[in-house]
Amino acid sequence: MKKPRNACLDSLRGLAIVLMIIDHSADILFHVSIDPSTIRMATRLSMPLFCGLMGYFLVSQEKVNWHRFYQLCLATLAINLVFFTIYGRLEILASLLVCYTLFLAAGRLLALAVVAVWFFQLDGSAQLFDYPLSVVLSCVAQGMVLRLHGWRVALLSGGAITLAALWVAPPSVYVLFFVLPATLAIAWAAAHPQVTVSGLERIGHYPLTVYLIQYYVLLALGQQLYQQ
């Protein structure tokens, strides 16, 4: 029998998507930089929240969700056909696809990658990926740790990720400050499955579809504004 959906986790995933839309709008339409003095500092929460939820759901399922994997492949291709052409880097969905592929190979052992960000200075992926793989991988693994070992252990691993802020360079470092808040939010949502925000829950049901649509809309608007 299929387990019922956790409405609160869906709402939280919807919130992450909304924060991403705000962040992308600020970047594409208004050229706002990622800086502690701008709104894009607050929207950094979206990344550890969405990645943490991905890791949480990866180890929650009894078997591999191939349908979701293929959806991610298609969404990654669709977005990066445009994103890479404009920016010369691969958008974060490409980083998430790498994480998902590693999960298919390593399974729950991927949770050990929670310390990947400690090796940030050895990570040359920032030249190709919009978000360095070491940062994304740690955030995904953090969600896995939370699901597998509970919030107390996740607070320790989240603290280890946050500690890496001592040597991770901007703007990636700003993401790390939101790892613990994102972890606590996911833990709370997991314990309160009936709490929901209907609009956010709906978005959380179709995260990749909404994400794909908003990117194409914003990039189209951005190109129009640039040409004027």
So which of VAL136, VAL173 ends up being surrounded by fewer than 22 Cβ atoms within 10 Å (Cβ to Cβ), closer than 16 Å to LEU45 by Cβ and either free of Cβ contacts under 8 Å to residues at least 24 places away in the same chain or under 18 Å from the mean Cα position of the chain (by Cα) (or both)?
VAL173
Give the residues of the range 69-90 that are without any contact (Cβ under 8 Å) to a residue 60 or more places away in the chain and either within 19 Å of CYS139 (Cβ to Cβ) or not in a helix (DSSP H, G or I) (or both), sorted by residue number.
PHE69, THR76, GLY88, ARG89, LEU90
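Taking the criterion of being closer than 19 Å to GLY143 by Cα, assigned to a helix (DSSP H, G or I) and in contact (Cβ under 8 Å) with a residue 12 or more places away in the chain, would at least one residue in the range 19-38 satisfy it? Even if it seems obvious, please write down each step before you answer.
Going through the range 19-38, the residues closer than 19 Å to GLY143 by Cα turn out to be 19-20.
Applying the additional criterion that residues be assigned to a helix (DSSP H, G or I) yields 19-20.
Narrowing the set further to residues that are in contact (Cβ under 8 Å) with a residue 12 or more places away in the chain leaves 19-20.
Yes, the conditions are met somewhere in the range 19-38.
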Which ones in the range 8-51 are in contact with a His (Cβ under 9 Å, 6 or more places away or on another chain) and either of a type in the set (Asp, Glu) or farther than 20 Å from LEU180 by Cβ (or both)?
ASP10, GLY14
Looking at this structure, is LEU109 buried (at least 18 other Cβ atoms within 10 Å of the Cβ), of a type in the set (A, V, I, L, M) and modelled with pLDDT of 95 or more?
no
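The values are calculated or read from the model by the stated rules, or taken from the named source; none is laboratory data. Since we're looking at a predicted model, the values are computed, not measured. Methodologically, a virtual Cβ is constructed for each residue, glycine included, from the backbone with ideal geometry; neighbour enumeration extends over all protein chains shown.
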